[in-house]
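The values are calculated or read from the model by the stated rules, or taken from the named source; none is laboratory data. The model shown is predicted, which means the values in this text are computed figures rather than measured ones. Cβ coordinates were reconstructed from backbone atoms using ideal geometry, including for glycine residues, and neighbour counts include every protein chain displayed. These area figures cover heavy atoms from the full protein model, side chains too; ligands, DNA and RNA do not enter into them. Shrake-Rupley method; radii C 1.70, N 1.55, O 1.52, S 1.80 Å.
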Amino acid sequence: MNGKTTLPLKSVQNTVIPPQKGWAGLVKAGQYIRLTDPRGRQCGDFWAFNADDLDEHLSAMHTRVWVNKLCPVPGESFHSNHRRPILQMIADTCGVHDLLTAACDEHRYRLYGLQQEHRSCAGNLREVMSPYFGMSRFYVPQPFNVFANVPIGEDGSVLNGPAPSKPGDYIVLKAWIDVIVAISACPQEFNPITGWYPTELLVDIMEPETVDA
């Protein structure tokens, strides 16, 4: 029979994000992005911007309204501030993520008493997105905190729990539109959200393998 059979995804680009650093790259509509925690207990701050209009981005608050829960599960989509789907969750081996907590920034580390410079997720975002925005300072949207454990107490309190990801845990997202994705391997070492010791993350941009049948 003529036609094509879809096979498992193949990686067309892979990157190691060093501990405490960031990465950004283009994911085209129909492509997939896989984010893997190779050592376990490392969270990553994740952003996505419409490649044709950087004012449109993955929006935590619009996503929560659309899925009527704190975070999408496989089969559900993240939505943008223009209220349309931007990325779909395809696979998730961890199952614990956060759409509530702000990205760590220089002000956060000042509150810890640090006077010297310290890398931050907000700083990493500005750094890796500067080639696209053309400037070093811009509004930092609420990130999708992958593998971050932020439990909600019965009294409504928001806590920072131990990072739950095991070595090799991953998520896979499918792009509905062309997006610039930015990821920060969170530098936070003053609470358990990265297991107290920041490590690297792995990024794969993937496409379906096809063969003539």
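Size descriptors for the range 1-70: radius of gyration and Dmax over Cα atoms are 16.1, 51 Å. With the largest listed first and rounded to whole Å, the semi-axes of the equivalent ellipsoid of the range 117-213 from the Cα gyration tensor are 27, 22, 14. Using Cβ point charges alone (K and R +1, D and E -1), the dipole size of the chain about the Cα centre works out to roughly 80 debye. In the chain, helices alone account for a calculated mean residue ellipticity at 222 nm of -3500 deg cm²/dmol, with every DSSP H run of four or more residues adding -39,500 (n - 2.57).
In this Cβ point-charge picture (+1 for Lys and Arg, -1 for Asp and Glu), the range 75-173 has a dipole of about 360 debye about its Cα centre.
Order the peptides 50-59, 9-18, 111-120 from the highest to the lowest mean number of other Cβ atoms within 10 Å of their residues.
Values: 50-59: 17.1, 9-18: 14.2, 111-120: 12.4.
Result, highest mean first: 50-59, 9-18, 111-120.
Could you give the angle, 0 to 90 degrees to the nearest 10, between helix 121-133's Cα long axis and the longest principal axis of the Cα atoms of the chain? Between the helix axis and the principal axis of the chain, the angle is about 50 degrees. Extension gain, E117 to S130, is 2.7 nm, computed as 0.36 nm per intervening residue step minus the present C-alpha separation. Ligands, DNA and RNA left out, the accessible area of the range 154-207 computed with a 1.4 Å probe is 56% carbon and sulfur.
Here's the picture: charge each Lys and Arg Cβ at +1 and each Asp and Glu Cβ at -1 in the range 169-213, and of T199, I177, T210 the one pushed furthest to the positive end of that dipole is T199. Put simply, the range 172-213 fits an ellipsoid with semi-axes of 33, 13, 7 Å; these come from the alpha carbon gyration tensor as the roots of five times its eigenvalues, largest first. Here W176 sits with roughly 110 square angstrom of accessible surface, probe radius 1.4 Å. Accessible surface for the range 62-213, divided over its residues, is 48 Å² per residue with a 1.4 Å probe. Give the residues of the range 101-129 whose amide nitrogen is closer than 19 Å to a point set 7 Å from the Cα of F138 in the direction of its Cβ. Hits in the range 101-129 for F138 at 19 Å: 103-106, 120-129.
Here the mean projected area of the convex hull built on the C-alpha positions of the chain is 13.1 nm². Across the range 26-43, the residues whose backbone nitrogen lies under 13 Å from the label position 7 Å along the beta-carbon direction of T210 are 30-31. In the range 41-82, one over the average inverse separation of all distinct C-alpha pairs is 11.2 Å, which is the Kirkwood hydrodynamic radius.
According to a simple spin-label model (label point 7 Å from Cα along Cα-to-Cβ), what is the distance in nm between D53 and V73? Between V73 and D53, the label points sit 3.2 nm apart.
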